[in-house]
Amino acid sequence: MENQTCWNHLAKMAIYDNEAFIKLYNHFFPIVYKNIFFKTQSEEISDELINTIFWKTFNNLEIFDDSKASFYTWIMSITRNEILMYFRSNKKKIENEVPLEEDFELGGEIFNEPEEKVLQEEENFKLKTAIQKLNEREQKILTLKYWLDFSNSEIAKTFDITTENVRVILNRAREKLKKFLSEEN
């Protein structure tokens, strides 16, 4: 990200200067939109949420405190909260999870050598196969935790269970994955 101080200053100016807000909007729109789309996998939902997020951002600029967080962190917190509220209010908590399809990439690494890419694809395939051996609840909780970046308390609220229960389920699921992956070798 470019100079955070510059964006923080621009956010303070945007309280009184519409041009400053337009600059913030133009810079952060693609970042926020990609984040929403990744988590919802829906253009319609993303279009709906992006408007809400920037409306809330604009209307709450006075409470932005750059001594507590950067503007980037602040707007991404608003984004995350809006996504969570959308899933909760529409009872689409789990249905819109990122699917483990054949073309789904688990890692975002760039490989210089074709051999590295082939080995990573093989590892991804093994991991996807192992994940599919887990029960549905474990799969959903792993998806929320590792692909959608939910905290244990957010997962607990989604499933109406305790955070300790989430921790136990995650630990058991990871142990099962280790076992399934070691059996394949």
Q | segment 1-65, Rg to Rh (Cα coordinates; Rh as Kirkwood inverse mean 1/r) | A | 1.00
Q. When the solvent-accessible surface of protein heavy atoms is calculated with a 1.4 angstrom probe, in what order do 138, 44 fall, highest first?
A. 44, 138
Q) Cα centroid distance between segment 152-185 and segment 30-46, in Å? A) 26 Å
Q) Which entries in the list 34/68; 68/179; 23/140; 68/128; 157/178; 23/157 go over 31 Å, if you measure between the two C-alpha atoms of each? A) 68/179; 23/140; 68/128; 23/157
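May I ask for the net charge around residue 138, where only other residues with Cβ less than 9 Å from the Cβ of residue 138 are counted and Lys, Arg are +1 while Asp, Glu are -1? Kindly include the intermediate steps, with their values, before the conclusion.
On the way: positive: 137, 140, 172, 176; negative: 136.
Computed value for this residue: +3.
Name the trypsin sites (Lys or Arg not before Pro) in segment 1-88 that are in a loop by DSSP and that have at most 10 other C-beta atoms within 10 Å, would you?
Values: sites: 12, 23, 34, 39, 56, 68, 80, 88; in loops: 68.
For trypsin sites (Lys or Arg not before Pro) across segment 1-88 that sit outside H, G, I, E and B with at most 10 neighbouring Cβ atoms in 10 Å, the list reads 68.
Stretched out fully, how many nm does the piece from residue 6 to residue 147 gain, at 0.36 nm a residue minus the Cα gap?
Numbers: separation 141, 0.36 × 141 = 50.76 nm, distance 3.06 nm.
Gain on stretching residue 6 to residue 147: 47.7 nm.
With all protein chains present, how much of the accessible area of segment 1-85 (probe radius 1.4 Å) comes from carbon and sulfur, to the nearest whole percent? Write out the running numbers ahead of the final one.
Details: 2650 of 4880 Å².
Of the solvent-accessible surface of segment 1-85, carbon and sulfur hold 54 percent.
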Q. If each of residue 66 and residue 179 carries a label point 7 Å out from its Cα toward its Cβ, how far apart are those two points in nm?
A. 5.3 nm
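Order 66, 17, most accessible first, counting only protein heavy atoms with a 1.4 angstrom probe.
Working: 66 75, 17 55 Å².
Sorted descending by solvent-accessible area, the residues read 66, 17.
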**Q.** Coil-residue chymotrypsin sites (Phe, Trp or Tyr not before Pro) of segment 21-69, DSSP, other Cβ within 10 Å capped at 14
**A.** none
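The values are calculated or read from the model by the stated rules, or taken from the named source; none is laboratory data. Quick caveat, the model's predicted, so the values are computed rather than measured. Positions of Cβ are backbone-derived with ideal geometry, glycine not excepted, and every protein chain shown enters the neighbour counts. These area figures cover heavy atoms from the full protein model, side chains too; ligands, DNA and RNA do not enter into them. Shrake-Rupley method; radii C 1.70, N 1.55, O 1.52, S 1.80 Å.
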